[in-house]
């Protein structure tokens, strides 16, 4: 694998977090005409930065090609939603979270987790790159920025 730099602090990425082999793009559903064509697989060699501890994959495909019309909505899973409500209760108790806090979720999907904090009057903010998914969160009243998270969001 070629040398890659951290997207956040530009340090050299030398350490493997986990190597999951290869996979086609998520949400890259094949059309009928493509079923007998070779599908492109990309490495899922996840690395971690020694400096800022950001866990990341090397970029092989433009994010816009992955998140343009995202098909997965987290709120479709009732068991996942039940877990999220339970998780909210656990972290509120553990960290004594109240309305003076703000919960920010990166890759917040359709507001599946943040809706539970909002129920408790805790300010929330989602950051979700897929515009179609972010719109669903916004329709639920979850403030959501529809863009990719990166260094520019932190300045």
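Every number here is computed from the coordinates shown, using simple stated rules; none is lab data. Note that the structure is predicted; figures quoted are calculated from it, not measured. Virtual Cβ from ideal backbone geometry, glycine too; neighbours counted across all protein chains shown.
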#### Entry: Helix 78-95 axis, angle to the chain major axis (alpha carbon atoms, nearest 10°)
60
### Query
At what distance in nm do the modelled label points of residue 85 and residue 9 sit from each other, each positioned 7 Å from its Cα along Cα→Cβ?
4.0
### Query
What full-extension length gain, to one decimal in nm, is calculated for residue 51 and residue 65 as 0.36 nm per residue of separation minus the Cα-Cα distance?
2.1 nm
### Task
At 7 Å along the Cα-to-beta-carbon direction for both residue 119 and residue 17, put a label point, then send me their distance in nm to one decimal.
2.9
### Inter-label distance for residue 152 and residue 93, nm, one decimal - labels placed 7 Å from Cα along Cα-to-Cβ
4.2
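Would you please put 119-132, 65-78 in order of how densely packed they are, using the mean number of other Cβ atoms within 10 angstrom per residue and starting with the highest? Could you put the intermediate results ahead of the total?
On the way: 119-132: 17.7, 65-78: 13.5.
Packing order, densest peptide first, comes out as 119-132, 65-78.
What does the convex hull of the Cα atoms come to per residue for the chain, in Å³? Don't skip to the answer; put the middle values down first.
Working: hull volume 24.2 nm³, N = 155.
Hull volume over Cα atoms, normalised by residue count, gives 156 Å³.
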